[in-house]
There are 2 protein chains.
Amino acid sequence: MSQSIEQVAVQARQAANQLQNVTSSQKSVVLQRIRQKLQEHKEEIFAANAQDLKLAQAEVDKGNLSASLFKRLDIKGPNEEKFNTLLQGVTDVDNLPDPIGQVSRATELDQGLDLYRVSAPVGVILVIFEARPEVVVNISCLAIKSSNAAILKGGKEAFHTLTALTKVMQEALHSVRKEIPFPTNAIQLVATREQISGLLQQDRYIDLVIPRGSNSLVRHIQNNTRIPVLGHADGICSVFLDDTADPNKAPGLVVDAKTNYPAACNSAETLLVHRKLLVPGGVLERTIQNLFDNGVSLRCDAASLDFIRQNPTLNQAGTYREGEQFAASTPEDYDTEFLDLCMAVRVVDSLEDAIDHINTHSSKHTDCIVTETAAHAEKFMNMVDAAGVFWNASTRFADGFRYGFGTEVGVSTNKTHARGPVGLEGLTIYKYRLYGHGHKAGDFGVGAGKKQYSHHPIPLETVQGKFVK
Amino acid sequence: MSQSIEQVAVQARQAANQLQNVTSSQKSVVLQRIRQKLQEHKEEIFAANAQDLKLAQAEVDKGNLSASLFKRLDIKGPNEEKFNTLLQGVTDVDNLPDPIGQVSRATELDQGLDLYRVSAPVGVILVIFEARPEVVVNISCLAIKSSNAAILKGGKEAFHTLTALTKVMQEALHSVRKEIPFPTNAIQLVATREQISGLLQQDRYIDLVIPRGSNSLVRHIQNNTRIPVLGHADGICSVFLDDTADPNKAPGLVVDAKTNYPAACNSAETLLVHRKLLVPGGVLERTIQNLFDNGVSLRCDAASLDFIRQNPTLNQAGTYREGEQFAASTPEDYDTEFLDLCMAVRVVDSLEDAIDHINTHSSKHTDCIVTETAAHAEKFMNMVDAAGVFWNASTRFADGFRYGFGTEVGVSTNKTHARGPVGLEGLTIYKYRLYGHGHKAGDFGVGAGKKQYSHHPIPLETVQGKFVK
């Protein structure tokens, strides 16, 4: 077993080496062929998916699988809508600009000695995801577009669908080989958890792991590999209502941040409130009432609990009730990703206390301040150590598509490489390409007859495109 | 002990949080004060250094310490030259552009909803270095310039000097506190290996480890922490003489790559030779003779050994001799960083074989092709998976100062975050700052009354400087 897993890693590395030399148009041929083959083989894919759905239905019936997970397993959708979206996704990736060969720095070091920093693929990526089977196609296309080799592992509930999709994609890779050199091992699928354990040890061959899935999955991977991990375990996002929070902005924004999609990592989990807002009839009352009316229950610290209890609008027997819409919080509530219509509330004395709370409890994902005081917003955005720092905007905007990346590889709470929603750029690194004419370092330095470096910047617009193949 | 080490990490994190809000001019005040205090306290520093030198001399006498290490311990130098260079280094860092607050992406997502990707400090960095005591000042200044908190550990041979230098720098941090808010724990020094073991566990507080030192030090750290590590263990660089290598470029370039500073990580360790060059009187003969004349001994594969043995110029009894200037190689020689006037030689059949050898044996640091065939150079530079891929230029150019970065934090062979010589940029990451007016994600999407994202790029030149504090 461990031998065969090393083989998968070695094959991926060999494919990655070959992929360093593929051209934009070759990648486009491959992506178009993938779309074509998926279209041609859709009935086989639907048949495999039906097998997964049948097995999953049995688990739903036994109470072992949730209805929402079951729904996500379906690859066809009504009128083949989901499948058509998947096909369109392949074309969308094909239409993105090539992330490889982009120059981010260019300097003439000396006459005839030119240095270029040029984007290059990371190499081999291992992507682990849960039960949405279309992810295998999406990630494969992103890997191909960025000239990386990918090893993929999806949720076991999608086993038959994933196998069918990967088989079709590999057939596409095989079918282009007569026309263009493209490694068929650019995409490989593995099926078991044991294989993942083995792959996490292959830091010699694998350059980056991207786990997309539950908190516990991500943590397990972070704790069990030396390979860099791109991702996020928690999404504990906070919204802070500052003393000048606009009553026309705060209620809708907080409700959106909490309820637009509670299971998402960019949903807000904690509401911080400036003490000055503890007045009846104001922005806080309206915000809380809006949350209640949208089905949200609140876990409140002493001050906010007291505020609600004393407030005749928020504490109406028959409408909102302690123990239902609101209750006392525990300390753990401020470190919890509820992923549900539930929110922890805490009253703070100042902007600085809010920043402090966030830097201690939040997960460095996305945090928002609602204020009309620009200086407070700037201080908050400077000092909160998170991938996204928002002023008067819902945390739900933290997303690769909403940011305009055209795609999203994942969301990272790392402090290195890539942070926040990660587009194709996150699958790239750079190389320094130095073009000389027999230049020797010993000719430069201090003293008679020695040369000096010129370090003339080369305008990027004059070289952009030079390295796109 | 582990409590106190956690305290160091917590203090660094608190300092890092405060540093998120410091301005360019505040950082400049601090750097100037550091220079001033070092100047004022130079006699104390020299006295501490004399203690280290005395202890080190005893170790040199006992044969426990090398003369070159002893020399590196000295912080004063003839006419205080080394110390003055150190002071100038502080000013040089002060004069670099502020790496924080730089905008790398700006997009209008909707009317009144603007997204900026802005450079930010990584946070807390742990830097481990060997016996050159001036590194503690250099790294401290780089950390301050990039708004990071640093925990520093140097070689034990420099203990007294490091303690004195750090004390003076901390005094500088204290002395500015009346004028500007600047955390005194921005710089902390730890002294023992045990403390390092403890710190490597503090991934909750420390964001990046930079080990600068021996191969074994770097490997030890890579193997014993979950914190991202920026650096390189090996520097196995190769030069490939292609079949069209220019006889006027190759010999000097190879000699420079090997002998300019053999102990450096960017020195060449392996010479790959195209089989077509195995002809007497050509570029290979001249290259080898030049290497011999510069004191280099070669570890040769069968083909190159045979070439030398048969060559009357290279195999002259009394001048060059088998067992002295040249000998048969072992397989390990191609995976060895000699750090000495020694080089492994291997004959390959093609450009592709050379690329293959390098991708298998080199350490992804810097590799060079010597060729007059542009297509070969491009293929080599595309397919060699290294931080630096050079055409007709010595591997010794792979250096932050030579690249024009103004400074060098270290050299990285990572495939993520920062690769190759790393300047101040390597100590930064970015944040997404989103400026809204109460925007809600639920207002966007498909269907009646829903808004669409505009995704208008905002020209960077119109916003550059907006976030530099």
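Readers should treat all values here as calculations from the given coordinates under stated rules, not as data from a laboratory. Every value quoted in this text rests on a predicted model; they were computed, and no experiment measured them. Reconstructed Cβ throughout: ideal geometry from the backbone, glycine too, with neighbour counts over all protein chains shown.
Values as computed for the structure displayed
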quantity: For the stretch B:207-280: rounded, prolate or oblate by the Cα gyration tensor [a/c cutoff 1.5]; calculated: prolate
quantity: Assigned charges on the beta-carbon of Lys, Arg, Asp, Glu; the stretch A:1-61 dipole about Cα centre (debye); calculated: 460 debye
quantity: DSSP bridge orientation in chain A - percent antiparallel, rounded to nearest 5; calculated: 30 percent
quantity: Most positive-pole-ward Cα, B:427, B:437, A:255, against dipole of the protein assembly as shown from beta carbon charges; calculated: B:437
quantity: Largest to smallest principal axis extent of the C-alpha atoms in the stretch A:362-440, angstrom; calculated: 61, 28, 21
quantity: Pairwise FRET efficiency - residue B:40 versus residue A:40, Cβ, R0 = 51 Å, nearest 0.05; calculated: 0.05
quantity: Structure-based [θ]222 nm, the protein assembly as shown - -39500 (n - 2.57) summed over DSSP H runs of at least 4, per residue, nearest 500; calculated: -11500 deg cm²/dmol
quantity: Dimensions in Å of chain A - Rg and Dmax from alpha carbons; calculated: 26.2, 92
quantity: Identity and axial distance of the chain B residue whose Cβ lies nearest the axis relating B to A, Å; calculated: B:417, 2
quantity: Considering only the stretch A:237-397, percent of DSSP beta bridges that pair antiparallel, nearest 5; calculated: 0 percent
quantity: Spherically averaged projected area of the protein assembly as shown from its Cα convex hull (nm²); calculated: 42.2 nm²
quantity: Dipole of the stretch A:190-333, positive end: most advanced residue of A:307, A:196, A:327 [Cβ charges, Cα centre]; calculated: A:196
quantity: Label geometry 7 Å along the beta-carbon vector: residue B:331 inter-copy distances in nm; calculated: 5.8
quantity: For the stretch A:258-300, convex hull of alpha carbons as volume per residue, Å³; calculated: 82 Å³
quantity: Gyration tensor (alpha-carbon) shape descriptor, the stretch B:232-361, a/c threshold 1.5; calculated: rounded
quantity: At 0.692 mPa s and 37 °C, Stokes diffusion of the stretch B:2-223 via Kirkwood alpha-carbon radius, µm² per second; calculated: 177 µm²/s
quantity: Euclidean distance of C-alpha centroids, the stretch A:32-81 and the stretch A:324-398, integer Å; calculated: 38 Å
quantity: Whichever aspartates and glutamates have a C-alpha closer than 12 Å to that of residue A:37, once near sequence neighbours (fewer than 8 apart) are set aside; calculated: A:171
quantity: Relative contact order for the stretch B:177-283, counting Cα pairs under 8 Å that sit 6 or more residues apart, in percent; calculated: 22 percent
quantity: Computed label-point distance, nm, for sites residue A:191 and residue A:175 using a 7 Å Cα→Cβ extension; calculated: 2.4 nm
quantity: Reachable aspartates and glutamates from residue B:54, criterion Cα separation under 15 angstrom, eight or more residues apart if same chain; calculated: B:74, B:157
quantity: Full-stretch length increase - residue A:243, residue A:464 - with 0.36 nm per residue and alpha-carbon distance subtracted; calculated: 74.7 nm
quantity: Test item: Cα-centred dipole of the protein assembly as shown, Lys/Arg +1 and Asp/Glu -1 on Cβ, debye; calculated: 260 debye
quantity: For A:240, B:390, order by how many other beta-carbon atoms lie within 10 Å, fewest first; calculated: A:240, B:390
quantity: Likely footprinting exposure, A:68, B:119, B:24, A:394, fewest C-beta neighbours within 10 Å first; calculated: A:68, B:24, B:119, A:394
quantity: FRET efficiency, 1/(1 + (r/R0)^6) with R0 41 Å, evaluated for residue A:32 and residue B:279 via beta carbons; calculated: 0.30
quantity: Distance between the stretch B:95-124 and the stretch B:172-197 - C-alpha centres, whole angstrom; calculated: 27 Å
quantity: Ranked list, fewest to most other Cβ atoms within 10 Å of each Cβ, for B:340, A:301, A:61; calculated: A:61, B:340, A:301
quantity: Where the Cα pairs of the stretch B:102-192 fall when distances are cut into 10 Å bins, in %; calculated: 15, 38, 22, 14, 8, 3, 0
quantity: Point-to-point label distance, residue B:352-residue A:10, nm (Cα→Cβ direction, 7 Å offset); calculated: 1.9 nm
quantity: Simple label model, 7 Å out from Cα along Cβ direction - residue B:67 to residue B:55, nm; calculated: 2.4 nm
quantity: Peptides ranked, highest mean first, by Cβ atoms within 10 Å: ranges A:93-100, B:128-135; calculated: B:128-135, A:93-100
quantity: Beta bridges per DSSP with both ends in the protein assembly as shown, % antiparallel, nearest 5; calculated: 30 percent
quantity: Shortest-first nm distances, residue A:222 label point to equivalent points in other copies (7 Å, Cα→Cβ); calculated: 2.3
quantity: Too-long pairs where the Cα-Cα distance tops 20 Å, listed order kept, from B:431/B:469; B:258/B:415; A:364/B:27; A:82/B:451; calculated: B:258/B:415; A:364/B:27; A:82/B:451
